[in-house]
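Have a look at the structure below, then the notes.
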């Protein structure tokens with residue numbers, strides 16, 4: 001199969017948590033690492049994986065406490081999850097990889113790129129905040145999420161979590177993820193540290209995204225020299241669902257362009 005299925009992967013122990021990793025695609029292809037959004041899993045990338053599997057090595061990582069990964073005992077923060085991804089990249093000896101992250105996954109990718117701790121070919125954050133201002137209207141939406149509201153809005157996501165998570169506790173993971181979204185501390189959003197990003201960056205946003213504003217995406221692009229910004233019409237927060245063909249084209253073009261561009265000329 002050319003899509004993640006939550007059956008063919010394995011767990012890697014990282015600081016008290018069992019992190020689930022699954023690989024598909026071409027074993028000798030350029031590595032693309034997929035990082036999902038909050039309360040989701042690597043299965044969320046299914047619409048775009050078949051078209052990429054022939055040419056690329058696809059690696060999916062379920063964030064701690066979500067998908068098929070256990071939570072461990074450490075507080076759930078973007079800093080903690082970026083260290084998980086860093087550890088997995090090193091464990092797999094991938095060399096430079098391109099990170100494709102949706103929502104929380106994009107925030108994790110931005111943090112990791114800003115630290116410079118892992119060799120990256122590029123990052124593609126989709127619908128991801130680089131910071132969340134105190135007066136951002138999104139805060140009210142995020143703070144209103146409860147276990148019950150999530151079950152009602154996304155019953156398939158909830159059932160998938162119950163079926164696959166090794167230590168299911170949906171009440172706790174929902175509280176932890178909401179706290180993650182609202183965390184203003186240094187272990188939260190990357191903030192102005194995004195100015196340290198030196199690898200190629202393609203920012204993707206759906207023009208009808210109710211969470212990440214055009215201004216937020218443009219501010220991120222302005223802070224990283226050479227960054228590309230793709231604002232797609234007729235789609236919302238999950239571009240991989242609403243405009244998969246456009247996203248596939250953008251990812252392919254981004255990877256091919258960065259591969260052809262000498263490092264010294266990248267921004």
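With neighbour counts taken as other beta-carbon atoms within 10 Å, the residues 149, 82 rank, fewest first, as 149, 82.
Taking each residue as 0.36 nm, the span from residue 74 to residue 219 lengthens on full extension beyond its C-alpha to C-alpha distance by 49.0 nm. In plain terms, the residue of 258, 146, 198 with the fewest other Cβ atoms within 10 Å comes first and the most crowded comes last, giving 146, 198, 258. Computed on the range 10-258, with alpha-carbon pairs under 8 angstrom and 6+ residues apart, the relative contact order is 20 percent. Between the range 178-192 and the range 21-52, the C-alpha centres lie 25 angstrom from each other. Stokes-Einstein diffusion of the range 100-231 at 25 °C, 0.890 mPa s viscosity, Kirkwood radius from Cα pairs, rounded to a whole number: 155 µm²/s. Cβ crowding within 10 Å ranks 93, 213, 121, 144 as 93, 144, 213, 121, fewest other Cβ atoms first.
If R0 is 22 Å, the Cβ-Cβ spacing of residue 256 and residue 195 corresponds to a FRET efficiency of close to 0.25. Per-residue packing, averaged as other Cβ atoms within 10 Å, sorts the ranges 62-69, 74-81 into the order 62-69, 74-81, beginning with the highest. Among beta bridges identified by DSSP and lying wholly in the chain, the antiparallel ones come to about 30 percent. A crude spin-label estimate for the pair residue 133 and residue 179, with each label 7 Å from Cα along the Cβ direction, gives 2.8 nm. Direction-averaged projected area, Cα convex hull, the range 1-91: 5.4 nm², rounded to one decimal.
For q = 0.11, 0.12 Å⁻¹, what log10 I(q)/I(0) does the chain give under the Debye formula with an equal point scatterer on each alpha carbon and no solvent? Cα-only, vacuum Debye calculation for the chain: -0.54, -0.65. The label point for residue 140 and the one for residue 117, both projected 7 Å from the Cα toward the Cβ, are 3.7 nm apart. Give me the tail of P(r) for the range 40-108 as a percent: Cα-Cα pairs with distance above 15 Å. Within the range 40-108, distances greater than 15 Å cover 57 percent of Cα pairs.
Every read-out reported here was derived from the displayed coordinates using simple, explicitly stated rules and does not represent laboratory data. All figures in this text were calculated on a predicted structure; none of them were measured in a lab. Here the Cβ is made from the backbone with ideal geometry for all residues, glycine too, and neighbour counts use every protein chain on show.
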